[in-house]
C-alpha cells in the first residue's frame, strides 16, 4: 500500500505535524515527511518502527507525507495532528528538545536518537526522473569519521525489479562498511550484501521492487576514503534473465539470489554469493 498526503497552507504560514502515535513494521512500513508538494524531494525525515518525534514543521507553506507498507504484517499505524501555523508559533513545547538539524524537528527529552544525523544528510540521496543516486557523505571527497548512516530508498515505478549498480567503491577494508538490504528477485526473501575495501567483486544486484532498499554505512575514526556511488533504477526483468550482468563488456558471474560478480570471483577461494555457489565445482575436471 502507498498513500501520499499533500498539505498546503497560506503563503505566510507553515505546516506543523504533531505525532500522537506511531507503530509500524520496522524496516518495511515507512513514513516520509518532506518540504514542498513533490514526494521524495527535500525529505525532512523518514520513520519506521516505534520511534518518532514530537513534532515536525515545514520550512515554507507546504508539506507532503508519503506512507508505504508491505503486504505481510499489519500494525496500528500512526495518528497525527496537522495544523497551519504562523512562523512565530513554530517552537518546541515543554519537555521537548530541538534537533540540531537543517529542518525543524522536536523530540521528547532523552530521545535525541530520533534526530537525523546531519552528516548523513549531505545530499547522499538524489532522486532523478528515472533513477536514484546514493553517494557516501561528501563523495568524491573523503567521508567523515564516526558515521552510522541509514538511507531508505523507496521503489520507483511499476517495473518488478530494482537494479542497483556499484559505480565506485573505496573504503577502509573491514572498518568502514556499507550494507545494502532488500528482497530477492523474484523470490522475495530478505538479502543483505556487505561491501568494504578498495575493490568490490559485487558490481550490481537485482532486488524485488515490492519493497525499497536500505543502505547502511558505518565508519570508524581512523582512515577515510572516497566512499561509494550507487545507481538505482526500476527495470523490467523476468526470472532467469542474465543480460544485465555485465562487467567491462563481458558477462559477470550471476549468483542465484541476484548479485552480479566480476567473472574472476568464480573459484577464487572466497564465498561471495550468499549461498557460496561461486565456489562450487572448483578444481573438478
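The values are calculated or read from the model by the stated rules, or taken from the named source; none is laboratory data. Note that the coordinates shown come from a computational prediction; the quantities given were computed from them, not determined experimentally. Virtual Cβ from ideal backbone geometry, glycine too; neighbours counted across all protein chains shown.
Only residues that are in a strand (DSSP E or B) and over 18 Å from the mean Cα position of the chain (by Cα) were counted across segment 166-177, and they come to 1. Listed by position, the strands (runs of 3 or more DSSP E) inside segment 178-285 whose residues that are free of Cβ contacts under 8 Å to residues at least 24 places away in the same chain number at least 2 are 190-195. Of note, residue 102 does not satisfy the criterion of being part of a loop (DSSP other than H, G, I, E, B), more than 20 Å from residue 6 (Cβ to Cβ), out of contact with any helix residue (DSSP H, G or I) (no Cβ under 9 Å at 6 or more places or on another chain) and at pLDDT below 90. If you go through segment 135-165 and keep only what is surrounded by 18 or more Cβ atoms within 10 Å (Cβ to Cβ), within 17 Å of the chain's Cα centre (by Cα) and in a loop (DSSP other than H, G, I, E, B), you end up with 136, 137, 139, 147, 154, 155, 156. Entry remark, segment 35-47: residues being surrounded by 20 or more Cβ atoms within 10 Å (Cβ to Cβ) and more than 18 Å from residue 149 (Cβ to Cβ) number 1 in total. Checking the structure you have, find out if any residue of segment 246-262 is modelled with pLDDT under 90 and under 25 Å from residue 142 (Cβ atoms). The answer is no; no qualifying residue exists.
Table: residues versus (1) within 20 Å of residue 174 (Cα to Cα); (2) surrounded by fewer than 15 Cβ atoms within 10 Å (Cβ to Cβ); (3) out of contact with any helix residue (DSSP H, G or I) (no Cβ under 8 Å at 6 or more places or on another chain); (4) at pLDDT 90 or above.
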site	(1), (2), (3), (4)
195	yes, no, yes, yes
205	no, no, yes, yes
210	no, no, yes, no
215	yes, no, yes, yes
221	yes, yes, yes, no
229	yes, no, yes, yes
232	no, no, yes, yes
237	no, no, yes, no
243	no, yes, yes, no
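Take the conditions in a strand (DSSP E or B), without any contact (Cβ under 8 Å) to a residue 60 or more places away in the chain and more than 28 Å from residue 210 (Cβ to Cβ) and apply them to residue 97. Does it pass? Yes, satisfied. Would you confirm whether any residue within segment 171-184 is touching a strand residue (DSSP E or B) at 6+ places or on another chain (Cβ under 8 Å), buried (at least 19 other Cβ atoms within 10 Å of the Cβ), modelled with pLDDT under 85 and more than 23 Å from residue 242 (Cβ to Cβ)? No: segment 171-184 contains no residue that is touching a strand residue (DSSP E or B) at 6+ places or on another chain (Cβ under 8 Å), buried (at least 19 other Cβ atoms within 10 Å of the Cβ), modelled with pLDDT under 85 and more than 23 Å from residue 242 (Cβ to Cβ). Of the residues 65, 31, the single one that is farther than 30 Å from residue 170 by Cβ, touching a residue at least 60 places away in the same chain (Cβ under 8 Å) and not in a loop (DSSP other than H, G, I, E, B) is 65.
When you scan segment 68-84, do you find a residue that is modelled with pLDDT under 95, buried (at least 19 other Cβ atoms within 10 Å of the Cβ) and within 18 Å of residue 114 (Cβ to Cβ), even just one? No, because not a single residue in segment 68-84 is modelled with pLDDT under 95, buried (at least 19 other Cβ atoms within 10 Å of the Cβ) and within 18 Å of residue 114 (Cβ to Cβ).
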